[in-house]
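Some notes on the structure that comes next.
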Amino acid sequence: MSGATELKSKVDFSELGIGASREGAVVERYGQAPSQHGLLWRPNVDGPTPTIIFLHGGCWSSAFDYRHAFLLCQSLARSGHMVWLPEYRRIGELGGGWPGTFEDVTESIAWLLGAEAAQIDFDAVQLVGHSAGAHLALWLNRGQPGRMALLGPQAIYWNRVVALAPITDLRLYGQGGNSCQVMVSELLSSGGGIEVEHLSPIELGIRKPVELVFSEADMLVPAEQSRHYLLKTGCEAILVPDAGHFDFIHPATVAGHTVLSRLGDYCDASR
């Protein structure tokens, strides 16, 4: 790719499947439920490797699985990262929502950090998420335990969080009417119900450093979700002009190229 003029913008969701595959990845299970597994791209090198844990989005709904994240994860793997793309139980399947979704992302990371410890460079572990997956990543990085304290302590082994087009404020986001915003009420009513302040990252603080990547042109997750979180937490942020919601996970877009560069630069700096 020789220059920014060749890069796309505002790609459609369907374009994420063009040329995407899980070639080079192996399926690993971290639990017994059908969705309690993930794809692991292991680099063909010996010794500790920069590692990316990627939490896919899809409105916390079983209508969307991890396949739309293949393109980005493949690109990250080709650049020398170990990449873990966990699936997790979502709303619409048994155990999805609260607390199952949150238990699964926690357990999937614990599995990786245990099973692959010898291959992980623990000075270069990035927790990355897109959209609802970015919400989960920020929630995992919360400074206050919330209701998850009932499920036991959680260790932090990543060095930073990179949140792409993140949903940060469930209270505000749930007031909208698009197809993802209406899922907030289902999320909060799952598992017998959960108060919004326990699942909304903007109300829970941060532990490890956070970098947001977002756009004012995103029609699915408004930029105010990032701007409000930035104002409240003082985290780092990158604004990508004129990027659509799915651009952040498509390597051939301006936003996707920015994401790949930021993730790669961080790993280079940590060595």
Other residues with Cβ under 12 Å from the Cβ of THR101 give, with Lys and Arg +1 and Asp and Glu -1, a net charge of -4
Spatially proximal lysines relative to LYS208 (Cα-Cα < 27 Å; intrachain offsets below 8 disregarded) = LYS232
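Tell me the net charge near ALA118. Cut-off is 12 Å between Cβ atoms, ALA118 excluded, with +1 for each Lys or Arg and -1 for each Asp or Glu.
-2
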HN-Hα couplings for region 56-70 via Karplus (6.51, -1.76, 1.60; θ = phi - 60°), in whole Hz with x for Gly/Pro, come out as 6, x, x, 6, 6, 9, 5, 5, 10, 10, 7, 5, 6, 9, 4
With the Cα gyration tensor of region 1-136 giving a ≥ b ≥ c as the square roots of its eigenvalues, does the rule (a/c under 1.5 for rounded; else a/b larger than b/c for prolate; else oblate) give rounded, prolate or oblate?
-> oblate
Per residue, the convex hull enclosing the alpha carbons of region 133-259 has a volume in Å³ of 104 Å³
HN-Hα couplings for region 18-35 via Karplus (6.51, -1.76, 1.60; θ = phi - 60°), in whole Hz with x for Gly/Pro, come out as 6, x, 8, 7, 9, 4, x, 9, 10, 7, 10, 9, 10, x, 9, 5, x, 8
Roughly what % of DSSP beta bridges within the chain run antiparallel, to the nearest 5?
-> 25 percent
Where does the Debye-calculated log10 I(q)/I(0) of the chain sit at q = 0.08, 0.11, 0.13 Å⁻¹, using only Cα point scatterers of equal weight, no solvent?
-> -0.28, -0.55, -0.79
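Read the figures in this text as sums done on the coordinates, not as results from a lab. The structure presented is a predicted model; accordingly, all values stated were derived computationally and were not measured. As a convention, Cβ positions derive from the backbone with ideal geometry for all residues, glycine included, and neighbour counts pool all protein chains shown.
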